[in-house]
Every structure is written in structure tokens, then in C-alpha cells.
Amino acid sequence: MKFGVCLLLALLGSALGYKSYSGYQVLQTRVLTNEDAELLAPFMSRPEFDFVITPRAGRAAEIMASPENVVILRNNLKRLNLEPTIIVEDVGILIEKERSEIAHKRALEKKEGRAPALDRFLSFDEIEAYIDEVAAAFPNIVSVIQIGTSYEGRPLRVVKLSNGPGKSAIWLDSVLHAREWIGPPTVLYTINELTENLANNQALLDANDWYFLVVANPDGYTFTWTDDRLWRKTRSPNAGSTCVGTDPNRNFDQHWGEGGIPSVCDLTFPGSAPFSEPETKAISDFILATPSITFYLSVHSYGKYILYPWGHTTALPPTVAELDRVAQEANNAIQSVNGNSYTVGTAANVLYFAYGTSHDWAYEQGNVPLSYTIELPGGGLAGFNPPASLIAPTNAECWEAYKVFAANIPAARP
Ligand code: 0X9
Ligand code: ZN
């Protein structure tokens, strides 16, 4: 009987076509020198190797590969003297564990007639339902604005929190990259603190407005729940190719496509043109039309970074002192919670070059004076995405950082 049920579940899983990562491994190199990073760079254009942490001098790279390719990867890394170690034995097991935890928590909530808890990962529909609930429960301060529609027709809904006119505002978005699931819980936690728990945070709403786009890439995010846990891009087709999707964080109209356009199949394909994706177009249109937004934050994972412009050049932006001051203050607040320390700096200087990113666009074209990407922690040895048990500690440290951000919202765009 038990076997029958297992078989049924397995058949159902494969019928639904959820991509199996069984046997996929993540390898970590030793800390790279400049020369090592250059030697490793050509491997980045090989689609069979997923660089979860890209090569850069002074840090270790992390690369995921399927069981067939991991042997080739390991041999190459050994040949280059990069001393590969396995940091995730089997990605598939972690994904299965995550799915069964969610199913278990859902079943409990159903049994006890509770709404989904905010300390677990929520699907797009569950997030949308939460937004409706908050809007219904706090109509005086919450409004929901549909800023556009995704390629597959899902609404892009921004939650606006405000208790009066004439204020400047902070914008937060998460899961622009579909698989970075640790972002939405931190944004939902913030919404909850400013509604359900407003009594303890009143000053944060008295002083500013808040805009939240919890799911910036709803098609990609939904796909990570239904088909492929590690999908990153949007879900729009590419003419002449079977490879689907564009990296939305390369699709903004700011130095778009500079540095060369990778293959459509690559994880960082920037799209056929700037703002080819309805999701990035909607975000940019809304920010341009809403001059009260003077602080932009995009929540990503993973790696513990607070990044500010530029990503397209190592040159420093004109207001680097202010960008850095606020980021350092946020990092100090983070450190006081769990002892985590994030690397702070310009994206190109501390992470890597990237063109057409949202924070650079918001800073330069959107004229938003303070503009950041935060890369949240991963699961250490658990690899790419932290387990649900790290949602609560991550929420706690992010909340402290987001409060620092809110305390530093500029009065107006220059
Ligand atoms: O590559 C990205 O888009 C971001 N990292 S992620 O691992 N979440 O994909 C970083 C974007 C920050 N900007 C630059 N590095 N220029
Ligand atoms: Zn990302």
C-alpha cells in the first residue's frame, strides 16, 4: 500500500514534469587568484555548468553540474589546481526536502484552519492571497496597484503602504530572479511589521511611504514551484530558439547588452532589446511615474552583499559617499542580529560586471538617489537556497537593515 502511494506520487511528479536534480552537485574551488579567475572564466559560457558564485580573485567560486557533467567539471577544476570540494552532495535531495516541508506545513495549516504562515516559502497564489487579506484588513493604509502584467498574464501587483500624502517613499522588490526564494519572506515580514504590528513601528509609516513588489517575476517564480526549482529568468520565448526566458536583471535600459550578449540559452541572456520583458518595463514605467520613490532596493540571493552602482564600470558613482554610508549603517545593523557581515561596495568592484541591472537603471535613468541590490545569505554548506529554518533569522536581520534604509530615504529626487 505504502509502495503504491509512493509509486503514485512518483508517477504524478514525473507526469507533472518537475525537473529532477537528483545527483546534481555543487563544487567549490579554493579561494581564487586573479589568474585562476581568468582561467575559469571561459567555463561560464558553458550551459552545463551553473556558476552559483562566479569566479573572482579573493573568493571561492561555486559551480553546480549534473551527474554526467560533474565528473568533467571536477577534472577540469583539478587540472587547473583549483582544489574542488563538494559542498552539496545532492541538490535533488535538498529540493525534495524543501518540497516535502512545504507540503507538510500546508497540510497542518489546512487541518488547523490557519492562513499560511509567513515563515515558510509561499507560492505566487499564496502571496497574492496574503496581499488581498492585508488590503482588506488595513484599508486605511494599504492600497494595491497593478503596475502591469507578466508575459504569461499574471498581475504585477504593488502593495503601497501610506498614511498620508506628501511623503517620499522606498521601493522593495524580490524574486526578479525566480529561484531566489529567500527574498519574498523578508519583504512579507516587512509588510507584516508595518500593518499587523504597526503599533510598534508607527514612526516608520508616519515618516514615509512604502512600495513592495513581492514577486517581480511571477511567471519565473511560478515555474520554480511547478517545473524547475532553479529557474532564474522570465518565461518569454526567444525567436528561433527553444531556450526560454530573459534575465530580467540584464534587461533594464541602462548600458544594456554592453560587454557582449551571451547566448539565448545562457542564464544571463539580456533579452532581444532593453525592456523586452513586460515585467521590467512595468517596474521602470512605475518608478518613472512615481517621483516620490527616492530609495530603490532589489532583494536577491545569495552571497551576503549590499551592492550599489555601478555594475557596468568600476568607476565610482557621483554620490558614492552617501551610498556607502547608508549601506555600511545597514550592514552594522545586520551584524548586530546574527553576527552576519555583508560585503558592501559597488557591484562591479565587489561582485562582478553586469549591464542592464535594475539598481543601476534606477540610479541613473530613474534618478533615484539611493539604489541598492541586497544579496541575502545562502545556506552555507546547504548551498544555493537557504532552508526554511533560516527564514526567521534572515527576516530578523533584513528587518533591521530595511529599517536603516527607511530612516535614510532622501526627501526628493535631485
Ligand atoms: O547577477 C545578478 O543579477 C545579481 N546577482 S544574482 O546572484 N542574484 O544573480 C547581482 C546584480 C548586481 N549587479 C552587478 N553585479 N553589477
Ligand atoms: Zn538575483
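The values are calculated or read from the model by the stated rules, or taken from the named source; none is laboratory data. Bear in mind the structure is a predicted one, so any value in this text is a computation, not a measurement. Cβ sites come from the backbone with ideal geometry, for glycine too, and all protein chains shown count toward neighbours. To get the accessible areas, we keep the full protein, side chains included, count just its heavy atoms, and leave off ligands, DNA and RNA. Shrake-Rupley method; radii C 1.70, N 1.55, O 1.52, S 1.80 Å.
What to note about this one:
- Segment 195-206, subset open to solvent by 20 Å² or more (accessible area, probe 1.4 Å) and assigned to a helix (DSSP H, G or I), residue nearest to HIS300 (Cα to Cα): LEU204
- Selection count, segment 172-194, where residues are more than 14 Å from TRP399 (Cβ to Cβ) and assigned to a loop (DSSP other than H, G, I, E, B): 7
- Condition check for PHE275: surrounded by fewer than 22 Cβ atoms within 10 Å (Cβ to Cβ), of a type in the set (Phe, Trp, Tyr) and touching a helix residue (DSSP H, G or I) at 6+ places or on another chain (Cβ under 6 Å): yes
To keep it simple, each residue is scored yes or no on (1) at pLDDT 95 or above; (2) more than 16 Å from the chain's Cα centre (by Cα).
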| site | (1), (2) |
| --- | --- |
| GLN254 | yes, yes |
| ILE261 | no, yes |
| SER272 | yes, yes |
| PHE275 | yes, yes |
| ASP285 | yes, yes |
| PHE295 | yes, yes |
| TYR305 | yes, no |
| LEU316 | yes, yes |
| THR319 | yes, yes |
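- Positions within segment 294-319 being open to solvent by 10 Å² or more (accessible area, probe 1.4 Å), within 15 Å of ligand 2 (Cβ to nearest atom) and of a type in the set (S, T, N, Q), in sequence order: none
- Members of segment 14-58 found to be of a type in the set (Ser, Thr, Tyr) and not in a loop (DSSP other than H, G, I, E, B), listed by number: SER14, THR29, SER45
- Members of segment 242-266 found to be among the acidic types (Asp, Glu) and touching a Leu at 6+ places or on another chain (Cβ under 7 Å), listed by number: ASP247
- The residues in segment 94-143 that are surrounded by 15 or more Cβ atoms within 10 Å (Cβ to Cβ) and assigned to a strand (DSSP E or B) can be counted, and the count is 1.
- Residues (in contact (Cβ under 8 Å) with a residue 12 or more places away in the chain and closer than 18 Å to ASN385 by Cα) located in segment 100-145: GLU101, ILE102, LEU118, ASP119, ARG120, PHE121, LEU122, SER123, PHE124
- Qualifying residue in segment 237-248 (condition: assigned to a loop (DSSP other than H, G, I, E, B), within 14 Å of ligand 2 (Cβ to nearest atom) and open to solvent by 40 Å² or more (accessible area, probe 1.4 Å)): no
- ASP209 being surrounded by 18 or more Cβ atoms within 10 Å (Cβ to Cβ) and over 28 Å from THR290 (Cα atoms): no
- Of all the residues in segment 148-189, those that are of a type in the set (Asp, Glu) and under 26 Å from GLY303 (Cα atoms) number 2.
- Some residue of segment 374-389 being more than 11 Å from ligand 1 (Cβ to nearest atom), open to solvent by 10 Å² or more (accessible area, probe 1.4 Å), of a type outside the set (Lys, Arg) and modelled with pLDDT of 95 or more: no
- Here the condition is being farther than 23 Å from PHE269 by Cβ and either among the small types (Gly, Ala, Ser) or not in a helix (DSSP H, G or I) (or both); of PRO393, PRO410, it holds for PRO410 alone.
- Qualifying residue in segment 258-267 (condition: of a type outside the set (A, V, I, L, M) and open to solvent by less than 10 Å² (accessible area, probe 1.4 Å)): no
- Annotation for segment 320-329: no member residue is more than 16 Å from ligand 1 (Cβ to nearest atom), assigned to a loop (DSSP other than H, G, I, E, B) and surrounded by fewer than 19 Cβ atoms within 10 Å (Cβ to Cβ).
- Count - residues of segment 330-344 that are hydrophobic (A, V, I, L, M, F, W, C) and open to solvent by 10 Å² or more (accessible area, probe 1.4 Å): 3
- Residues that are within 28 Å of ALA411 (Cβ to Cβ), buried (at least 20 other Cβ atoms within 10 Å of the Cβ) and of a type outside the set (A, V, I, L, M, F, W, C), drawn from segment 345-368: THR346, THR357, SER358, HIS359, ASP360, TYR363, GLY366
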